[in-house]
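Reading through the structure tokens given below for one structure.
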Amino acid sequence: MGLKHSYTVFAPIYDLFVSGVFDSLRTTSLKELQRLQHPAPTKGKVLLSGVGTGLDLPFLPPEHDYIGIDVTPAMLKKARARSEHLNIALQTGDAMQLPFEDNSFDAVVMHLILAVVPNPVLALQESQRVLKAGGYVLILDKFLRPGEAAPLRRLINPVIKRLATQTNVIFEDVLAHSAQLNVVDDVPVAANGWFRRIVLQKTNDANPAL
Ligand SMILES: C[S@@+](CC[C@H](N)C(=O)[O-])C[C@H]1O[C@@H](n2cnc3c(N)ncnc32)[C@H](O)[C@@H]1O
């Protein structure tokens with residue numbers, strides 16, 4: 001069973017398990033969108049990659065323009081019910097092959113998606129590609145540390161990665177393939193640091209110090 005099929009099955013019950021648990025972590029992560037207000041007040045264009053049922057939507061500042069993509073129409077249908085207060089377009093799309101032009105977003109939100117997709121390297125590279133120079137990637141997800149043993153998580157990965165999520169993704173290995181993304185913040189937030197809140201910023205080729 002592919003991820004699209006399993007998330008179609010999960011869609012009616014996803015919120016029961018995930019809503020509430022991550023609310024404070026989502027709030028903290030999405031506060032980073034305030035960075036779009038500096039140095040001058042701006043209305044940003046923000047992509048939610050793997051938007052799911054839209055559990056981030058209540059915490060988004062209303063001044064920006066949003067696009068949310070997901071491979072699972074049943075998850076998007078739930079997100080639509082949460083979207084009325086926002087200027088947001090919700091559409092099917094693959095985080096590993098984004099249907100957007102280069103340098104077109106000010107921020108990409110990747111909450112509980114980078115460790116879900118079959119190829120996290122591609123998904124992060126796609127976020128890097130569609131980001132404008134100086135733009136941000138906001139990540140909230142579970143990652144192993146380089147060299148971390150985590151035998152149970154490695155053991156269950158071959159099965160659970162087909163159903164819901166990978167459990168053995170090493171963030172540093174993924175980031176190594178996105179040379180224009182620099183770590184601005186990296187904070188352990190839950191489950192003994194398995195879950196991390198990470199902020200990345202895209203460098204400007206012309207100004208690598210950005
Ligand atoms: C764990 S949920 C996270 C949803 C939401 N971001 C959240 O924080 O609650 C993972 C989501 O990724 C979606 N998904 C899986 N593979 C995907 C892909 N290749 N591209 C886009 N979305 C994908 C699933 O349909 C599901 O909605």
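For the stretch 126-164, the set of residues classified as farther than 17 Å from GLY52 by Cα, open to solvent by 60 Å² or more (accessible area, probe 1.4 Å) and not charged (D, E, K, R) consists of PRO146, GLY147, ALA149, PRO151, LEU152, LEU155, ILE156, PRO158, VAL159, listed by residue number. All of VAL109, VAL116 fail the test of being within 30 Å of PRO61 (Cβ to Cβ), within 17 Å of the chain's Cα centre (by Cα), assigned to a strand (DSSP E or B) and among the hydrophobic types (A, V, I, L, M, F, W, C), apart from VAL109.
Scanning the stretch 14-56 for residues that are on the phi > 0 side of the Ramachandran plot and either in contact with a His (Cβ under 6 Å, 6 or more places away or on another chain) or at pLDDT below 95 (or both) yields a total of 1. Annotation note: Cβ proximity below 7 Å between a residue of the stretch 165-186 that is closer than 17 Å to LEU138 by Cα and a residue that is hydroxyl-bearing (Ser, Thr, Tyr) and outside any helix (DSSP H, G or I) (sequence gap 6+ or interchain) occurs for GLN180/THR203; ASN182/THR203.
Of the listed requirements (1) on the phi < 0 side of the Ramachandran plot; (2) within 13 Å of the ligand (Cβ to nearest atom); (3) open to solvent by 20 Å² or more (accessible area, probe 1.4 Å); (4) not acidic (Asp, Glu), THR167 misses just one: (3). For the stretch 101-119, the set of residues classified as more than 13 Å from the ligand (Cβ to nearest atom) and buried (at least 17 other Cβ atoms within 10 Å of the Cβ) consists of PHE105, ASP106, ALA107, listed by residue number.
For (1) in a helix (DSSP H, G or I); (2) over 18 Å from PHE22 (Cβ atoms), each residue gets a yes or a no:
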| position | (1), (2) |
| --- | --- |
| ASP173 | yes, yes |
| SER178 | no, yes |
| ASN182 | no, yes |
| ASN192 | yes, no |
| VAL199 | no, no |
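The helices (runs of 4 or more DSSP H) falling completely within the stretch 1-88 that include 2 or more residues that are surrounded by fewer than 21 Cβ atoms within 10 Å (Cβ to Cβ), hydroxyl-bearing (Ser, Thr, Tyr) and within 15 Å of the ligand (Cβ to nearest atom) map to 3-18, 23-30. Take the conditions (1) open to solvent by 40 Å² or more (accessible area, probe 1.4 Å); (2) under 26 Å from ARG129 (Cβ atoms); (3) out of contact with any Phe, Trp or Tyr (no Cβ under 7 Å at 6 or more places or on another chain); ALA95 misses just one of them, which is (1).
The values are calculated or read from the model by the stated rules, or taken from the named source; none is laboratory data. All of these numbers come straight from a predicted model, not from anything done at the bench. Note that each Cβ is placed from the backbone with ideal geometry, even for glycine, and that neighbours are counted across all protein chains shown. Calculation scope for accessible area: heavy atoms of the full protein, side chains included, ligands and nucleic acids excluded. Shrake-Rupley method; radii C 1.70, N 1.55, O 1.52, S 1.80 Å.
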